[in-house]
1. Exactly one of (1) modelled with pLDDT of 95 or more; (2) not in a helix (DSSP H, G or I) is unmet by residue 42. Its number?
2. Any residue in region 70-93 that's among the β-branched types (Val, Ile, Thr): show its pairings with residues that are surrounded by 11 or more Cβ atoms within 10 Å (Cβ to Cβ) at Cβ separation under 6 Å, as long as the two are six or more apart or on different chains.
3. Checking the conditions here, which among 115, 92, 132 is more than 13 Å from the chain's Cα centre (by Cα) and either buried (at least 18 other Cβ atoms within 10 Å of the Cβ) or not aromatic (Phe, Trp, Tyr) (or both)?
4. Considering only residues of region 33-51 that are exposed (fewer than 14 other Cβ atoms within 10 Å of the Cβ) and small (Gly, Ala, Ser), which is farthest from residue 68 (Cα to Cα)?
5. Show the residue pairs that are 6+ apart or on different chains and have beta-carbon atoms under 8 Å apart, the first residue being within region 130-151 and touching a residue at least 12 places away in the same chain (Cβ under 8 Å) and of a type in the set (S, T, N, Q), the second being surrounded by 10 or more Cβ atoms within 10 Å (Cβ to Cβ) and not in a loop (DSSP other than H, G, I, E, B).
6. Given the criteria at pLDDT 95 or above and of a type in the set (Ser, Thr, Tyr), does residue 132 qualify?
7. When you go through 78, 106, 151, 110 one by one, which is the residue that is closer than 27 Å to residue 47 by Cα, among the charged types (D, E, K, R) and surrounded by 15 or more Cβ atoms within 10 Å (Cβ to Cβ)?
Amino acid sequence: MNPMHIIQAKKEHLDQLVEIFEAYRVFYRKEPDPTTSEAFLRDRITNSESVIYIAMSEKNEIMGFTQLYPSFSSTRLKRAWILNDLYVYKDYRGQGISKALINRAKDHAKETNAYGLMLETERDNTIANQLYVSTGFLRDQSHFYYWTVNK
């Protein structure tokens with residue numbers, strides 16, 4: 001395994017963060033758009049609208065990232081977090097980086113006294129679905145999730 005450390009992303013990480021964020025978006029079949037991605041990430045960091053953790057190599061290169069968005073549970077009267085993005089560059093996969101990022105996200109939820117951490121992934125993303133179960137996530141059996149999308 002590569003020696004790594006996980007830190008919260010700041011503006012000085014933006015150039016590398018945009019690169020991995022674009023790789024993540026392409027993985028999910030989106031057209032590359034580095035200019036808009038940079039503005040999007042800059043806004044999230046500047047406005048403290050998300051928490052982004054990055055796995056850094058000993059050479060200070062980003063190997064993977066996860067992005068958390070805040071939410072709240074009215075019925076539980078507590079904060080909740082949405083693990084919205086998780087990605088590790090292909091060359092670094094299979095080294096425990098995803099699990100380390102997930103564990104940092106789980107720690108963040110505890111540190112902020114949140115009810116929990118929620119995520120979604122595509123049904124056919126077999127590797128991710130196995131990863132999430134192996135890190136203690138349970139697939140929801142009692143709720144449906146619906147979307148309306150503005151076009």
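The values are calculated or read from the model by the stated rules, or taken from the named source; none is laboratory data. Bear in mind the structure is a predicted one, so any value in this text is a computation, not a measurement. Cβ coordinates were reconstructed from backbone atoms using ideal geometry, including for glycine residues, and neighbour counts include every protein chain displayed.
1. The single condition residue 42 does not satisfy is (2).
2. That search, which allows pairs on different chains as well, returns 82/69; 82/71; 82/118; 88/64; 88/97; 88/98.
3. One residue alone meets the criteria, 92.
4. By that ranking, first place goes to 39.
5. Hits for this filter: 134/99; 135/99; 135/102; 135/103; 135/106.
6. no
7. 106
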